[in-house]
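The values are calculated or read from the model by the stated rules, or taken from the named source; none is laboratory data. Everything numeric here is computed off the predicted structure, so don't read it as measured data. Heads up, the Cβs are rebuilt from the backbone with ideal geometry, glycines too, and the neighbour counts pull from every protein chain shown. Ligands, DNA and RNA are excluded from the accessible area calculation, which covers all protein heavy atoms including side chains. Shrake-Rupley method; radii C 1.70, N 1.55, O 1.52, S 1.80 Å.
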Amino acid sequence: MTFEDFYGPALERLQAAEQQLTDCVARFPDDREGTDLHAVLYCKSRIKSPDSMIRKLELHELPTDCDTALAEMHDTVGVRVICSFVDDVYRVAGWLSQQPELHVTTTKDYIAYPKPNGYRSLHLILEIADGPGKGLSAEIQLRTIAIDFWASLEHQIKYKHTVSHEALVRSELKRCADEIASVDLSMQTIRELLAQSF
């Protein structure tokens, strides 16, 4: 099924909301005391594919149509913001929360409170209060480049239907997630030490 088939006339509005959110992230004032270190490394966005949305609606035992998707699901439009350091994740999230066209309804902090499998990320569920996406819900995920590396590989592995030695793989993924969190902390400490020498 195509995006046009599933979302119909709402697709244009969803695309406008996606652009509005990426434009908003691009306006983040990167004022890191004259250094070349940028808080936002890059940003990715998407509108949830019809197949993925239908599976999610079925999982929640809801009708599998566009109106239900827009009314009940909060991640039809999704933006992922990849940051340099963990404190940048929180700085960018705080700034986004203060933007007048965005109303954050829920914050899920999986960095401070990781999921049991090791997943880390900061999720903002929001409503667009003004502009082309007014009235639509969206999700912004913020994470470091190290966390994104882990999450991308974990996602690929998770969606394979048969995994040999599944318990061992999951255990190793959790161990890697913990090591990556430790590396993130070390990198931030190094940056802070370097900043003190300027």
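For this structure, a couple of remarks:
- Helix-derived mean residue ellipticity, 222 nm - over the chain, DSSP H n ≥ 4, -39500 (n - 2.57), to 500: -15500 deg cm²/dmol
- The distance between label points at residue 104 and residue 22 comes to 2.3 nm (points 7 Å beyond Cα on the Cα→Cβ vector).
- Modelled label reach - residue 54, point 7 Å along Cα→Cβ, segment 1-27 residues with backbone N closer than 15 Å: 1-8
- Relative contact order %, the chain, counting alpha carbon pairs below 8 Å whose residues are six or more apart: 21 percent
- Sulfur and carbon atoms: percent of accessible area, the chain [1.4 Å]: 55 percent
- Calculated FRET efficiency, residue 167 to residue 30, Cβ-Cβ distance, R0 = 30 Å: about 0.10 to the nearest 0.05.
- Beta bridges per DSSP with both ends in the chain, % antiparallel, nearest 5: 75 percent
- Alpha-carbon centroids, segment 1-62 and segment 110-188: separation in whole Å: 16 Å
- Taking segment 112-198 and dividing mean pair separation by its residue count, relative contact order in percent (alpha carbons under 8 Å, at least six apart): 28 percent
- Whether segment 65-125 is rounded, prolate or oblate, judged on the alpha carbon gyration tensor where a/c under 1.5 counts as rounded: oblate
- Dividing the radius of gyration of the alpha carbons in segment 1-60 by their Kirkwood radius gives 1.18 for Rg/Rh.
- Amide hydrogen neighbours beyond the local backbone of residue 144, cut-off 5 Å, H modeled: 83
- Segment 55-151: antiparallel DSSP beta bridges as a percent of all, rounded to 5: 65 percent
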